[in-house]
Each structure stands twice: as structure tokens, then as C-alpha cells.
Amino acid sequence: MSISDDTIEKIRKSNCSTDKTFFQAVEEVLDSLKPVLDSNPIYERHAIIERLTTPDREFKFKVVWMDDNQNIQVNTGYRVQFNNALGPYKGGLRFHPSVNSGILKFLGFEQIFKNSLTGLPIGGGKGGSDFNPKGKSDFEVMKFCSAYMTELHKYIGPRIDVPAGDIGVGGREIGYLFGEYKKITSSYEGVLTGKPFMFGGSLMRPEATGYGCVYFTDEMLKFAGVDGFKDRVCTVSGAGNVAIHTIEKLYALGAKPVTCSDSKGTIYDSRGIDLELLKELKINQRVSLEEYCTTNSDAVYTKVEDYPEGGHEVWNIPCDCAFPSATQNELTDVDAKHLIENGCISVSEGANMPSTPEAIDLFKENNILFAPAKAANAGGVAVSEFEMSQNAAMAKWSYEIVDERLEKTMRAICKRVHLTAKDYGVDGNYVDGANIAGFKRVADAMIAEGI
Ligand code: NDP
Ligand code: 2IT
């Protein structure tokens, strides 16, 4: 048994059975780290792996709020503070019925390496609740956010832990959370990122994850000697913050994005997704994608129940470049086979861990350019850090400055990941490159800071 197999076994024993996605994330990282751990015994001497796979602390609390019918509702709230070797804990909040401590541990663990890769002073954390914002009135969302912050405010602060958005949490929710924090603490400070622009939000934070993922992919294509996005057919899953802004930037670079999807079904529009319609349906009206066909009758809508067995309809559509941007484990080995058979050249993860390990193996075996989430979707958290900087300085950066810094950051991450893979003899393997480069910065800081 190698160091990492042994460690995985220990982690499995000391965690609960709902932590499947957490083990999946840990296993992938440890697999990449084998050569680093074998050739640098200092990491074992400092118990870096055991320390990195155990959160500094985890909060779990009751959230009680009243709905519009005067019924009292009870949800569970969480915040996982995973590692602050490089800076304050930083990472999003997810509001979705599937949220549990295992999912947040996986997301918090990934966030450590992602934040490290940005080169910015931010540690890793994640939080959220099993609250479902879908179908709730604005007033109910506000009531929930206030109740959630009543407890969360005890654990966060601009130099302690700075939450942001994730699935189910956007500008509206961050606004309500910020308002409650301010009321409780009487302090107007950058304790959350992704705030609306009018009270401290950074320009381009909403666009940052999607735009960043496309910048990263553009750089990865260049390294591979492949021409950029002009006229390339792209498939995107999801219809939320990340998917919408990925589609927007793909258009800006001359590509043709032809799909999007939500939890109920997939839209395939061979002429290219109608971005204004998509924004109207998903940002303004918050309705199902099925409505897309009411306006664009040439588009094809496929319901989830009619997807290929074990797969997702989006990945059944022929494309040059794929952008899974909805949720974890949404792209299976069945999907990977479809993509490969249809001549796809690159897969870039806008969502966190959207590809299953089996799908990633198939991409590797078939030389598909594969950009893993912790590198490809780091643009969101990078601009969050820019927002922290602006708040600390009471400053406002222009759209052009933020965009320029985001693009530079994403291209620099891509280069670093690419060169790290090369250094370790796995040229073109962005999974290993990202895990090793992300690990080294945080591990070396942990050693330098002592126990
Ligand atoms: P949103 O809530 O804005 O959108 C999520 C989208 O994914 C929606 O279209 C939703 O469908 C769909 N979706 C969510 N869960 C499922 C599911 N279980 N099955 C099928 N579809 C699902 O979230 P974001 O766009 O912000 O996040 C998408 C992904 O990107 C997540 O993995 C997140 O962790 C990751 N990410 C987000 C960042 C950010 O800055 N927001 C930064 C980095 C990563 P429906 O509309 O029906 O709910
Ligand atoms: O997964 C992620 O990187 C996010 N949801 C964004 C985190 C942040 O703090 O902006």
C-alpha cells in the first residue's frame, strides 16, 4: 500500500458515509501528488496530507425562518473553514436541497488548491444550506438569508472568512446576507464578495467564472498548437451564472455555443444559443428552459427523462469544445465516449468536479485537452479577491482593469499548470499539473508557518 492509499483509507475511516464526493476529490489529488510526496519526505514529516484533508473547523447550525404563509421553516446551515495557510478562508455558499457536510467538504477541499493556483492571498472554505431558493418569493429568500446570517456572522470577517456565491446564491442573496451582517455588526466591510456593484461589488464578478474559463481554454488551445475559438462549435451545460457567461465570452471570441441545460432538460439550438433570451428566462424570470422553445421554435428541447442512459443530452451533441458548467459528476463515462466519438478536442470544467473519474480517464487515454475545475474556473474566486482588495482600499476598479487582470490571471494559471505538468514528466496532463502546483504553494506555507 502506498502513502496515498494508506492515507485515503485513514480518511475514509474518520469520516462519514455521506462524504463520497469528498473522497473522490481527495483521491484524485493524492493520485497526482504521488511523485511529489515520494521525492519530498518533508511533506510526510510535517503530516501535510493529514492536515490538508482535515478542515480547520466545520460549523453546522439550525436556520429557522417564516414563509409567506406564516409557516415556520427549519433548514440546516453550514460553513467549512478548511485551510487558511495562504489567506483568509474564501469560498462560496451553495443553497440547494442536495447540500450536506460531505458536498461542502469536497468543495472546500478543492477550493484550497484553486485559490492557491490564483497566486492570490486566499485560503479555502465553503458553506451553504439545504434551503431551496427555487419557487420562493423574494421576501422568503430575504427571510432565509437573514436567519442564516444570524448564525454565520459569528464565524466570518473580512480578514477571517469571506463567503461568496455558488449554486443558488447570486447577487440577490449576497445583498440580503450583507444587509443582515451590517445590521448585526454595525460594520460596513468587505465580508462577502459578489455584492451588487452599488454597495461594494466588483465590476465583472458575475461574469468572471465563465469569462475566466474561456480565457483559460484559449490559452490551453494555444499551448497545444490549436487555433483559437473562431467558428468552433461549443457545448455548454447549465444555465446559471457560469454557463451564461461562458456562452457570452465564447460569442465574443467568435465561437458558436449551441447548447445549455438546467435541472429539467437541455436546449440544442444549432444556430447558436440566443443569449438575450437565455438571460431573460434564467436571470429575470427564473423559469424552466423549456420556455426557450416558445420563442425559438427551431431549437430542440430534451427532457431529463429522455437523456441517453447514464448520460446527459448536452454531451450527445457534436462539438469541438465542451464546457460542463452545471454541477458535480454531471459528465459520465457514457458522455465522455460520445464526446470522443464526435471529435471533441477539449473539455473545460466551469462547474466544480463535473466529470466523473472514469470520464477523466477516457479523456486522458484519448488525448483530449482537459482543463480541470480547480484551474479552469478559478476566475470567479480571483475576481472575488479583487473585490476584497477594492473594499479594503475603499476603491472602485474600472471594467477594463478587472477584465485585464482576470485574463492575465487565467493565462498565468494555465501556463503554471502546463509547465508543472511538463516538469513532472506528464506533459499535457492539466489534472496533475493543477494538483501539484496548487499543493506546493499551500504545503510550503504550512511548513513555514509551523504547527
Ligand atoms: P447557478 O445556481 O447560477 O446555476 C446552476 C445551474 O446548474 C442551473 O442551470 C441549474 O439548473 C443547474 N443545476 C444545478 N444543480 C443541478 C443538478 N443537480 N442537476 C442538473 N442541473 C443542475 O450556479 P453557478 O452557475 O454559479 O454554478 C454552477 C457550477 O459552477 C457549480 O458547480 C459551482 O460550484 C461552480 N462554480 C461557480 C462559481 C461562481 O462564481 N458562481 C465559481 C466557480 C465554480 P436549474 O436552473 O434548473 O436550477
Ligand atoms: O467555487 C468557487 O470558486 C466559487 N463558488 C466562487 C468562490 C468565491 O469566493 O468567489
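Just to be sure, is THR235 in contact with a helix residue (DSSP H, G or I) (Cβ under 6 Å, 6 or more places away or on another chain), in a strand (DSSP E or B) and modelled with pLDDT of 95 or more?
Judged against the criteria, THR235 is a match.
Are there any strands (runs of 3 or more DSSP E) wholly within the stretch 30-118 with 1 or more residues that are of a type outside the set (Asp, Glu) and surrounded by fewer than 19 Cβ atoms within 10 Å (Cβ to Cβ), and if so which?
Ranges flagged: 57-66, 72-83.
Among the residues of the stretch 246-264, is any under 24 Å from PRO357 (Cβ atoms) and not polar (S, T, N, Q)?
no
Determine, yes or no, whether ILE11 is surrounded by 14 or more Cβ atoms within 10 Å (Cβ to Cβ), at pLDDT below 95 and either out of contact with any Leu (no Cβ under 9 Å at 6 or more places or on another chain) or outside any strand (DSSP E or B) (or both).
Criteria met by ILE11.
Specify the residue that is surrounded by the fewest Cβ atoms within 10 Å (Cβ to Cβ); the eligible residues are those in the stretch 150-177 that are under 10 Å from VAL191 (Cα atoms) and charged (D, E, K, R).
Only one residue tops the list, namely ARG159.
Of the numbered conditions (1) within 27 Å of ALA373 (Cβ to Cβ); (2) in contact with a Phe, Trp or Tyr (Cβ under 6 Å, 6 or more places away or on another chain); (3) open to solvent by less than 30 Å² (accessible area, probe 1.4 Å), ALA147 fails exactly one; give the number of that condition.
(1)
Rundown of residues vs (1) within 19 Å of LEU52 (Cβ to Cβ); (2) at pLDDT below 95; (3) in contact with a Leu (Cβ under 6 Å, 6 or more places away or on another chain), yes/no style:
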| residue | (1), (2), (3) |
| --- | --- |
| VAL99 | no, no, no |
| ILE103 | yes, no, no |
| PHE106 | yes, no, no |
| LEU117 | yes, no, no |
| GLY123 | yes, no, yes |
| ASN132 | no, no, no |
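What's the number of the condition PHE178 fails, among (1) in a helix (DSSP H, G or I); (2) within 19 Å of ILE103 (Cα to Cα)?
Tallying (1) in a helix (DSSP H, G or I); (2) within 19 Å of ILE103 (Cα to Cα), PHE178 fails exactly one: (2).
Given the residues GLU358, GLU291, which is the only one that is more than 15 Å from ligand 2 (Cβ to nearest atom) and without any contact (Cβ under 8 Å) to a residue 12 or more places away in the chain?
From the options GLU358, GLU291, the qualifying one is GLU291.
For the stretch 294-331, how many residues are part of a helix (DSSP H, G or I), within 14 Å of VAL258 (Cα to Cα) and out of contact with any Asp or Glu (no Cβ under 7 Å at 6 or more places or on another chain)?
3
Rundown of residues vs (1) touching a strand residue (DSSP E or B) at 6+ places or on another chain (Cβ under 6 Å); (2) in contact (Cβ under 8 Å) with a residue 40 or more places away in the chain; (3) within 16 Å of ligand 1 (Cβ to nearest atom), yes/no style:
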| residue | (1), (2), (3) |
| --- | --- |
| SER325 | yes, yes, yes |
| SER384 | yes, yes, yes |
| ALA395 | no, no, no |
| VAL402 | no, yes, yes |
| ILE413 | no, yes, yes |
| HIS418 | no, yes, no |
| ASN429 | no, yes, no |
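Condition (residue is over 23 Å from the mean Cα position of the chain (by Cα), away from ligand 1 (no atom under 14 Å from the Cβ) and surrounded by fewer than 19 Cβ atoms within 10 Å (Cβ to Cβ)) applied to the stretch 234-252: is it met by at least one residue?
No, the conditions are met nowhere in the stretch 234-252.
The values are calculated or read from the model by the stated rules, or taken from the named source; none is laboratory data. Small disclaimer: the values here were computed from a predicted structure and weren't measured. Cβ: placed from backbone, ideal geometry, glycine included. Neighbour counts: every protein chain shown. Note: accessible area is taken over every heavy atom of the protein model, side chains too, but ligands, DNA and RNA are not part of it. Shrake-Rupley method; radii C 1.70, N 1.55, O 1.52, S 1.80 Å.
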